[in-house]
There are 4 protein chains.
Amino acid sequence: MEKIQEQILNRVIQKRPEESYKGMFGKVLVVGGCANMGGAAIMAGSAAVHSGAGLVTIASAKENLTAIHAALPEAMYINFLDKVQLTQAIKQANVIVVGPGLGTTFHAIEIFKVVLNNISANQDLIIDGSAITLLSMHAELMTILPNANLFFTPHEMEWQRLSKIAIPNQTPENNQQKQQELNATVILKKHHTEIYFKNGMCKKLMIGTPAMATGGMGDTLTGILAGFLAQFKNQSVENVIQAAVYTHSKIADDLAAEKYVVLPTDIINALQVFMHHYM
Amino acid sequence: MEKIQEQILNRVIQKRPEESYKGMFGKVLVVGGCANMGGAAIMAGSAAVHSGAGLVTIASAKENLTAIHAALPEAMYINFLDKVQLTQAIKQANVIVVGPGLGTTFHAIEIFKVVLNNISANQDLIIDGSAITLLSMHAELMTILPNANLFFTPHEMEWQRLSKIAIPNQTPENNQQKQQELNATVILKKHHTEIYFKNGMCKKLMIGTPAMATGGMGDTLTGILAGFLAQFKNQSVENVIQAAVYTHSKIADDLAAEKYVVLPTDIINALQVFMHHYM
Amino acid sequence: MEKIQEQILNRVIQKRPEESYKGMFGKVLVVGGCANMGGAAIMAGSAAVHSGAGLVTIASAKENLTAIHAALPEAMYINFLDKVQLTQAIKQANVIVVGPGLGTTFHAIEIFKVVLNNISANQDLIIDGSAITLLSMHAELMTILPNANLFFTPHEMEWQRLSKIAIPNQTPENNQQKQQELNATVILKKHHTEIYFKNGMCKKLMIGTPAMATGGMGDTLTGILAGFLAQFKNQSVENVIQAAVYTHSKIADDLAAEKYVVLPTDIINALQVFMHHYM
Amino acid sequence: MEKIQEQILNRVIQKRPEESYKGMFGKVLVVGGCANMGGAAIMAGSAAVHSGAGLVTIASAKENLTAIHAALPEAMYINFLDKVQLTQAIKQANVIVVGPGLGTTFHAIEIFKVVLNNISANQDLIIDGSAITLLSMHAELMTILPNANLFFTPHEMEWQRLSKIAIPNQTPENNQQKQQELNATVILKKHHTEIYFKNGMCKKLMIGTPAMATGGMGDTLTGILAGFLAQFKNQSVENVIQAAVYTHSKIADDLAAEKYVVLPTDIINALQVFMHHYM
């Protein structure tokens, strides 16, 4: 499997045109954050904002309104149980993330269905965290997977649940076969993260640090993926995804030079300066 | 159209008199922030506080009380649906901002009417964001525009809605004609922001960076405008507005030297040190 | 009137004994923060925590619980309408601050009465902001002023209301006469703040900066006064008050060397390092 | 009594294996934070996150949901009155902390019982703050102390209540006898903190600074203890506890070189860089 090279950053992270407005850098919608896991939605949304998405909205439990506004005033909020607002927000977004801290309750299923039923072919949909678990548990959800640009971001255990491939059998060949069935990009998060693209390309990430092994790191990657997809639309999706994944781990590597554990918030706060080095 | 020069900063940002008290630097009232967009009001209020307004109050949805107090303890809060408190706050303010994150619901219209009906001739009223949209949608609001110092801060699309001048036809001549009809200062936010003053002067901003193209940037500018108007009362309004607009973009330019995207919060946090250089 | 000298800091801010525990540095109770002005209580409480008070509790409106915990996890919270809890907290405190953002409603009067009725002679009571206004408005409150160590922190207008001395007539002689009637220390906040002590001593502060003329600055001073009183109990009250007042303005002066406006939060964050220089 | 040596840090704080995932660094559950003392749970949880625990959940009063998500998005939240969720979270955790800001109400007793009744022998249970007080007040709680790895973190007064040994009689011999009866590790917080281990070893901490004498410092130590226990499982418990206690005070000592008082938040924010020096 080919390795992702640092040069991908210079290629993807382009200097913005002098005459820019926020609409050019995309609208990201993060659907997640039940009452118990509001932080996950905040971290995903923050990563999208700090990586440069034009406009970010977080659809979350009503309990999280205040934490979202206080922690990330740049984001807008909607109640994820309000189907009218959620449907409208989905239709307006370029990139939709579903799953960070969403939970697996009956309500979560309903929300996920609203997302799946309202997405169209030209939109990017990142299916993360609880949403992957829901798909694994409820076969009927698989039948309504939309015709959109789908991205899955499982870790190995989530991938086992979704693909039915036991972790020891998660070979590139087996993974790719299942990924092709899903007709989606699969970002398999592990020691050396592997990416399986729809065009058959596979890439492996050789960087990253054990200092990243902490809660919320996946939500942060998802937010960066969303921010990059929203923004770098004149690049191939293969390049954009590689750059996002590389950015996440490279920042962690840099910070791990002086921190025993690197927290999601640390990575989020480092995004703007990091990305500037490569533009 | 004449270009705004950096020297305007030295002219407007004056060393404060030794014997100063907060009342000398004005009272700003920000009316905005529905439940879904509380962050907009927080950013506008924060920009006013950090740019030196003497006292800042945010009239917002009740859901935003906590986020406001937590993020900006320097500001006071009132529920924007409480007409008694809102009216009193309007009467006490020197500069009123209406619009950031206000939304366009029936409630928003009612709130906007309270503002329009209670302002007097010696007050500054900045009409921003949702409030501009409301004016464009509801002709009856135009008929109650008060006899006050009015400032509009549309981006090109909002200006199209308000002025009925399609974006391609937004020439200085057309813009100025409509602005004179409005009897207001118009700050037309775009790649090179243009300012149309009541006295016929027009100015163009030549600085700014694509790193600013992100959600909340307009709310931040509005807050700086309010802070400058509240404070620099012995200056001509033309100078004050130019200085505020220049400050906003110059800080962004400076920060963009090391950040790929410049966030509203970054600009807000840089205001105090930036302004010190020019006093 | 004698001027406060910087040396007072070295005298008051003592190195702590090696064997210290938090109880030695006093319990501060801040009673303030109605729903509209929760930030005032947060700023006063934060200043007390950062200046070294052993334990800080904030009695505030129920709406402010979350903002307090989020902004200042070091502080405990009680609902100021809960008379049982409030009374208990008053009895346990060494220094009570009443007033920052308290408001002047009927509820505020009730809360203020609970404070006045439960304080004993060996406690310090700082009467600030809204509480001074309440005393000026409701003569019956003056009759229950407790036999405790009272401190008033009015600005000139509040002093006019409380003392009935019009601002132009606020001469040292007139001020002192009224202050002696009040049998309290009066910290009269103005361009050159004056302090009138119970022992007849008067002191004048010659430092400070117009950059401090912003909302919340008084709440911050009150918190520092509380923190110093709670902690430096083996010093004369005259020295402690002078040191607190000097600290507040000296930090502002230092920060004003690079900031156009100095915010309460800036001063709060600078307290710990500043105080270390003088111990 | 033997002194804890700085070398213990190099021994315990190990470089993480290249191939790491968050599950390897343990799940910490903090049970605490009644409405009035939510900050205590936030500080304990933050210390666990920043010291490297793999996943942290805070079980707290419903009033604290927002403050927790806003201040520490990395943590998950559950309502500590929800017995089903609390029981499940207890069973999933490796290290449970009970007590910070828990309070001593009837509800607190019920919550504490749920913890005591659902813990199994291979789990670590740190009994802190209010939970120690509850044990001292309610003899029936002592009878259901579980067969788990118990850790008590009393200060001298709490130890007096729990052990019935008056402070002047808290000699190593007396302390150890009681500690052996409790069949628990006792971390007796005082000027020179003493640790009594189940294997009969006793250790004394010779570092620490009076700048630490401030509210919340104990909650922070508890969070570090939890983070270290969760993570360093291949080390002897004696080493891990010594390292956690030493880390807490050494960071404070370092920060006290420039701060008059060292706040819990300061220590929490310094953990990641500090620990890196010793790995």
If you take the residues in the stretch B:94-123 that are out of contact with any Phe, Trp or Tyr (no Cβ under 7 Å at 6 or more places or on another chain) and assigned to a strand (DSSP E or B), which one is farthest from residue B:165 (Cα to Cα)? B:95
When the stretch C:171-227 is examined, which residues are found to be closer than 24 Å to residue B:16 by Cβ and over 19 Å from the mean Cα position of the chain (by Cα)? C:206, C:209, C:210, C:211
Which pairs turn up if I take residues in the stretch A:195-212 that are touching a residue at least 12 places away in the same chain (Cβ under 8 Å) and buried (at least 21 other Cβ atoms within 10 Å of the Cβ) and look for partners that are assigned to a strand (DSSP E or B) and of a type in the set (Phe, Trp, Tyr) with beta carbon separation below 9 Å, at least 6 apart in sequence or on another chain? A:203/A:196
Please state which one of C:61, C:35, C:70 is within 19 Å of residue C:106 (Cα to Cα), at the interface with another protein chain (Cβ under 8 Å from one of its Cβ atoms) and over 18 Å from the mean Cα position of the chain (by Cα). C:35
Any chance the stretch A:87-94 includes a residue that's in contact with a strand residue (DSSP E or B) (Cβ under 7 Å, 6 or more places away or on another chain), within 11 Å of chain B (Cβ to nearest Cβ) and at pLDDT 95 or above? yes
Scan the stretch C:104-122 and give yes if some residue there is touching a residue at least 12 places away in the same chain (Cβ under 8 Å) and either within 14 Å of another protein chain (Cβ to nearest Cβ) or on the phi > 0 side of the Ramachandran plot (or both), otherwise no. yes
For the stretch B:73-85, check the following and say yes or no: at least one residue is facing chain A (nearest Cβ under 10 Å), in contact with a Leu (Cβ under 9 Å, 6 or more places away or on another chain) and within 20 Å of residue B:99 (Cα to Cα). no
Can you tell me which residues in the stretch C:1-55 are free of Cβ contacts under 8 Å to residues at least 40 places away in the same chain and part of a strand (DSSP E or B)? C:55
For the structure I just gave you, tell me whether residue D:227 is out of contact with any Ser or Thr (no Cβ under 6 Å at 6 or more places or on another chain) and either among the small types (Gly, Ala, Ser) or at pLDDT 95 or above (or both). no
Scanning the stretch A:56-89 residue by residue, those in a helix (DSSP H, G or I) and in contact with a Ser or Thr (Cβ under 6 Å, 6 or more places away or on another chain) turn out to be A:66, A:67, A:89
Could you check, for the stretch C:154-175, whether at least one of its residues is modelled with pLDDT under 95 and either polar (S, T, N, Q) or assigned to a loop (DSSP other than H, G, I, E, B) (or both)? no
Residues that are of a type in the set (D, E, K, R) and at pLDDT 95 or above, drawn from the stretch B:19-40: B:27
Take the stretch B:129-153 and flag every residue that is surrounded by fewer than 16 Cβ atoms within 10 Å (Cβ to Cβ) and in a helix (DSSP H, G or I). B:137, B:139, B:140, B:142
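For every residue, the table says whether it meets (1) touching an Asp or Glu at 6+ places or on another chain (Cβ under 6 Å); (2) crowded, with 20+ Cβ neighbours inside 10 Å.
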{"site": "C:14", "(1), (2)": "no, no"}
{"site": "C:26", "(1), (2)": "no, yes"}
{"site": "C:32", "(1), (2)": "no, yes"}
{"site": "C:37", "(1), (2)": "no, yes"}
{"site": "C:42", "(1), (2)": "no, yes"}
{"site": "C:46", "(1), (2)": "no, yes"}
{"site": "C:49", "(1), (2)": "yes, yes"}
{"site": "C:56", "(1), (2)": "no, yes"}
Would you mind stating whether residue B:43 is of a type in the set (A, V, I, L, M, F, W, C), at negative phi and within 14 Å of chain A (Cβ to nearest Cβ)? yes
Qualifying residues in the stretch A:157-169 (those that are buried (at least 18 other Cβ atoms within 10 Å of the Cβ) and not aliphatic (A, V, I, L, M)) - the one farthest from residue A:95 (Cα to Cα): A:163
Over 27 Å from residue A:113 (Cβ atoms) and of a type in the set (S, T, N, Q) - does that describe any residue in the stretch A:209-226? yes
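The values are calculated or read from the model by the stated rules, or taken from the named source; none is laboratory data. Note that the structure is predicted; figures quoted are calculated from it, not measured. With ideal geometry, Cβ positions are generated from the backbone for all residues, glycine too; neighbour counts draw on all protein chains shown.
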